[in-house]
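Inspection log for the structure reproduced underneath, given as structure tokens.
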Amino acid sequence: MHDSEMGLTMSKKVLPFILLLLLINTVLLGTGFFLVSNRLTPISEDFTAKQRMAKDLVEYNRKLAKNLGVDTRSLVRENLSRFNYEIELAANVEELNQVMLAYGSRTQEKVLQEYDTKQRETLLTLVNQDPQIKKTEEKQRITVKLIRDQGIQVEPENSLTQATLGTIIDTITLGEQAQDLTVEVEVENGRGQLTVPLNVSDQIRAQAKEIDSLRVTVHDLRTQAGYAQMSGAGIIVSIYDKTDGYTNDAIIHETDVRDTVNELFAAGARGVSIGNQRLTVTSAIRCVGPSILVNDERIPVNPVVIRAIGDPDVLASGLDIIRITLQVSRELTIEIEKTDNIALPAYSPLRGN
């Protein structure tokens, strides 16, 4: 009885330590799992998160347009729809980044441009309702400026009645996103028409945005044409000679490489490289003796390594016929590896040219 009581007393003393150790182990295991799961987050989850971010950007621009009262204007609706459509077309994280870069600022710019147009149209309507304007027969140019924290200015002075000026101030407000508004109206025979704004700073800003947009477009075109690096999901194809083969049918020829590349493009490949050479519309694949030249550069053989960016499953299935043909009829080996991210180099001309 004495021994059992001692054992019970010891158990009561040890139990808290055991519970503490279990708690510490649980915390450590949870922390380890959190770190590992974050480090090994699948690319598909990254893509989903990036896609959600892109759609949030569309929604932000949609709310901005609604707050500014231009959500029903056709140009705004077209840009929002185009932005959302490009997000749906994007196949990987890199493409989503390009879409957000190209369409995020462009869509917001169109929203603000339409808001500016709406303000100008509203101001013109109010100007044309002015009694003094209705009596004006000779051609006259009137400049109306709405400046934040300074109110309204009209040149020449007294061109509009005080009642019209008050109505303009009450009707047109400069929101947080809008710039100061300057409108030039050409009046003749009692009616005014908007003239093209001649604000130099506005023109410079518009041209700078257009240049940025063109830069994005040029980069996209260079990437698609092969003159800029491309990355994304795809496959890596390795073609080997027949084991211990030395006859003409037992080794890889340029026709085998060309046929493989043609099948990849037919399956929707967006970019292809052979060895370390990126293919362009002018690339040549040919044999010179035992060597295979791509872009007039010798590439490694046995294996010949071909990388292609596109849907990995579609690209791999597109090579089924040629893979079976080479393996069965000539005993060549084709290995296909699907990957979530590969990089294709940019085309570079021959050294010395």
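The values are calculated or read from the model by the stated rules, or taken from the named source; none is laboratory data. On a predicted model such as this, the values are computed, not experimentally measured, just so you know. Neighbour counts are summed over all protein chains in view; Cβ atoms, including those assigned to glycine, are modelled from backbone coordinates with ideal geometry.
Residue-wise test of (1) modelled with pLDDT of 85 or more; (2) over 30 Å from Lys66 (Cβ atoms); (3) outside any loop (DSSP other than H, G, I, E, B); (4) aromatic (Phe, Trp, Tyr).
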residue: Thr122; (1), (2), (3), (4): yes, no, yes, no
residue: Ile152; (1), (2), (3), (4): yes, no, yes, no
residue: Leu165; (1), (2), (3), (4): yes, no, yes, no
residue: Glu176; (1), (2), (3), (4): no, no, no, no
residue: Thr182; (1), (2), (3), (4): no, no, yes, no
residue: Val185; (1), (2), (3), (4): yes, no, yes, no
residue: Ile204; (1), (2), (3), (4): no, no, yes, no
residue: Ala208; (1), (2), (3), (4): no, no, yes, no
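The sole residue among Gly232, Gly226 that is surrounded by 14 or more Cβ atoms within 10 Å (Cβ to Cβ), within 19 Å of Lys338 (Cα to Cα) and of a type in the set (Gly, Ala, Ser) is Gly232. Filtering the range 44-56 for residues that are among the hydrophobic types (A, V, I, L, M, F, W, C), modelled with pLDDT of 85 or more and in contact with a helix residue (DSSP H, G or I) (Cβ under 6 Å, 6 or more places away or on another chain) leaves a non-empty set. Apart from one condition, Glu337 fits all of (1) within 23 Å of Ala267 (Cα to Cα); (2) among the charged types (D, E, K, R); (3) modelled with pLDDT under 90; the exception is (3).
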